[in-house]
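Here's the structure we're looking at; comments come further down.
What follows is calculated from the coordinates using simple rules that are stated; it is not laboratory data. Note that this is a predicted model, so its numbers are computed, not measured. Virtual Cβ from ideal backbone geometry, glycine too; neighbours counted across all protein chains shown.
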Amino acid sequence: MDHQLIISALDAEIARLREVRAILVKDGVTIGVIGRKGAKKVAAKKPVKRVLSAEARARIATAQKKRWAKTKRAAKKAAFAPTAAAQ
């Protein structure tokens, strides 16, 4: 691409952005840009803390203990199972 084409495209884009900015400023809209006075900051919402009931925690704990027992049994079984090479 020719350098003059690139420069003219950039100039056109800058002019378009200036027009948009002028419209926004005229309408009283402020853009939150760092370092600008009067910029509005949007407060982030605090995440809602999710609370489990004691019953739900107990069910989850029981299910997890069952999973641990299952993997422990499988590991124990694999350790004592005869391998194909040993036979």
Worksheet, complete the sentence: Cβ-Cβ cut-off under 14 Å around Phe80, Lys and Arg +1, Asp and Glu -1: the net charge is +4
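Asp11: net charge of surrounding residues, Cβ under 15 Å, Lys/Arg +1, Asp/Glu -1, itself excluded?
So the environment of Asp11 carries a net charge of -1.
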